[in-house]
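The values are calculated or read from the model by the stated rules, or taken from the named source; none is laboratory data. Computed from a predicted structure; not experimentally measured. Using ideal geometry, Cβ is built from the backbone for each residue, glycine included, and neighbour counts are taken over all protein chains shown.
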């Protein structure tokens with residue numbers, strides 16, 4: 001009788017942990033003889049996946065790429081020691097190229113096959129990494145439709161579009177009718193502006209004050225609006241409260257509207273409502289979304305909501321970007337929705353924001369121009385509809401089974 005297949009799975013961030021957990025659940029249904037262990041997050045641990053090193057918890061507290069790289073060397077040392085003691089039949093790496101391309105190179109030297117799930121976005125920046133991907137990775141699971149052709153441009157390299165795992169999660173989301181109704185009552189007929197500042201600590205610290213300033217400027221210009229902030233988890237609430245203590249935009253205006261106790265997921269801090277871990281309800285109620293750049297833009301697009309994408313990389317990177325940015329960033333569009341559309345479907349202010357006045361002006365135009373809003377929602381529908389039926393976990397499970405059956409150690 002063959003021994004159980006040993007699959008080393010690695011995640012570095014919360015979003016990858018979500019997708020990895022979906023993958024493990026699907027694999028256990030289809031391949032019950034597989035044992036998973038590796039670099040885990042809380043969702044993988046809940047499924048009983050053995051933890052070699054918890055990189056995800058460390059990464060959640062690190063500020064950007066440099067912090068992740070510093071922690072990566074410690075993780076690599078632990079992983080290499082683990083592989084010497086317990087050699088896997090397959091290594092599955094999800095996203096996070098700062099760490100995972102290094103692990104892929106080490107697995108290659110040891111002759112361990114590598115499946116990379118959620119391809120590095122070398123089509124957008126740092127195209128030189130494509131050579132390393134082709135060299136060190138055996139099979140690449142792409143989550144954006146155009147990536148398969150892009151990576152398969154290298155003869156003999158196995159890249160496959162599997163679908164976007166986010167939409168597997170979103171299909172399970174359901175807005176809570178009571179919460180949607182409460183937010184609309186709180187708005188009391190005013191347009192609802194949803195603020196999505198991101199999930200990473202350093203992104204929230206940078207983007208939420210800017211998003212709040214946009215709301216303040218809109219109100220100063222005479223636009224009567226209701227704003228609510230998304231907190232991805234209870235853990236982020238204290239951070240958001242701290243920012244609100246010094247950046248809340250005219251909080252008295254948000255106290256207008258329905259009074260009384262709200263649903264459990266909605267709290268009020270500094271006069272502004274916070275919606276905890278319930279983007280489905282917030283986005284259902286929203287008329288306009290101010291969203292930090294990233295996968296969250298697809299989440300907003302799934303609900304067909306007009307949005308403005310914002311991101312500021314910080315003043316330390318401003319002049320290097322002005323001088324050398326176009327040598328690194330190769331795509332004319334930066335936000336994911338616009339990249340998929342191949343056009344400027346939604347306004348994007350990134351990678352730097354030097355003046356928030358244009359953002360506030362565009363936000364006000366979006367709230368008042370019904371024709372533009374209808375055009376944008378139609379375009380978002382065209383972007384999202386081909387992705388909605390994604391079966392990424394199922395397709396990656398098949399790739400795992402194919403690679404294990406071809407493994408010489410099995």
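Quick notes on this structure:
- Residue 374 meets the conditions (1) over 21 Å from residue 150 (Cβ atoms); (2) at pLDDT below 95; (3) exposed (fewer than 13 other Cβ atoms within 10 Å of the Cβ) in every case but one. The failed one is (2).
- Checking 151, 157 one by one, the residue that is surrounded by fewer than 17 Cβ atoms within 10 Å (Cβ to Cβ) and at pLDDT below 95 is 157 and no other.
- Of the helices (runs of 4 or more DSSP H) lying entirely inside region 122-190, those carrying at least 2 residues that are in contact with a helix residue (DSSP H, G or I) (Cβ under 7 Å, 6 or more places away or on another chain) are 129-136, 166-170, 177-187.
- Across region 83-97, the number of residues qualifying as buried (at least 18 other Cβ atoms within 10 Å of the Cβ), at pLDDT below 95 and not in a loop (DSSP other than H, G, I, E, B) comes to 1.
- Counting only residues that are farther than 11 Å from residue 133 by Cα, touching a strand residue (DSSP E or B) at 6+ places or on another chain (Cβ under 8 Å) and not in a helix (DSSP H, G or I), region 98-121 holds 4 of them.
- Exactly one residue out of 249, 263 is assigned by TED's automatic domain parsing to the domain that holds residue 378, assigned to a loop (DSSP other than H, G, I, E, B), under 24 Å from residue 364 (Cα atoms) and at pLDDT below 95, and it is 249.
- Checked against the criterion of being at pLDDT 95 or above, crowded, with 19+ Cβ neighbours inside 10 Å and assigned by TED's automatic domain parsing to the domain that holds residue 100, region 49-62 contains one or more residues that satisfy it.
- Here region 337-360 is the region considered, the condition is being more than 24 Å from the chain's Cα centre (by Cα) and free of Cβ contacts under 8 Å to residues at least 40 places away in the same chain, and the residue that is surrounded by the most Cβ atoms within 10 Å (Cβ to Cβ) is 358.
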